[in-house]
Amino acid sequence: MATLTKNLIMWDNIESSDDWVNKQIPDFIRFLYENDFEQISKDVNYQAKADNLEFSLISTSYLYGLTAGIMALGFKYMGTNNKNAGKIIINFIKKMKNVKAVQDILIKDNLKYFNNNKFFVNKTTLDQCLCICAYALSIVKILFFFI
């Protein structure tokens, strides 16, 4: 919500690019999400904390940051039929469809995080993000012939 609000205030800074959408995610969330455990534990800021991080929350924050950027992009180009904005939104929808979703996130004390399961998110969260991105695409009014 804070990302979307910031972008509505900073309206003129919204760009129709993948880089702009990715920059909406805070640096520390992006670092923790995009790197494996070896790189995270080598970083001085996270050496002692890597075992206590809740990676399902980091993955959720990452997806919500992307979704807020996509929604801001949708608002900026609302009704314009901007093909570049539409392609960016569609690419992020395709990316989100590859995210691993689970019914309930029970990764706590009984299950250790590994590089292959640290990106799990709750199915409801993923569905919400996909629906919001689809809504952003619909308000840009893109023709669906290039999906």
Among the residues of the range 114-134, count how many are surrounded by 18 or more Cβ atoms within 10 Å (Cβ to Cβ), hydrophobic (A, V, I, L, M, F, W, C), modelled with pLDDT under 85 and more than 9 Å from Lys100 (Cβ to Cβ).
-> 0
From the list Glu34, Glu38, Glu15, pick out the single residue that is modelled with pLDDT under 80 and among the charged types (D, E, K, R).
-> Glu38
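The values are calculated or read from the model by the stated rules, or taken from the named source; none is laboratory data. All values derive from a computational prediction rather than experimental measurement. Cβ coordinates were reconstructed from backbone atoms using ideal geometry, including for glycine residues, and neighbour counts include every protein chain displayed.
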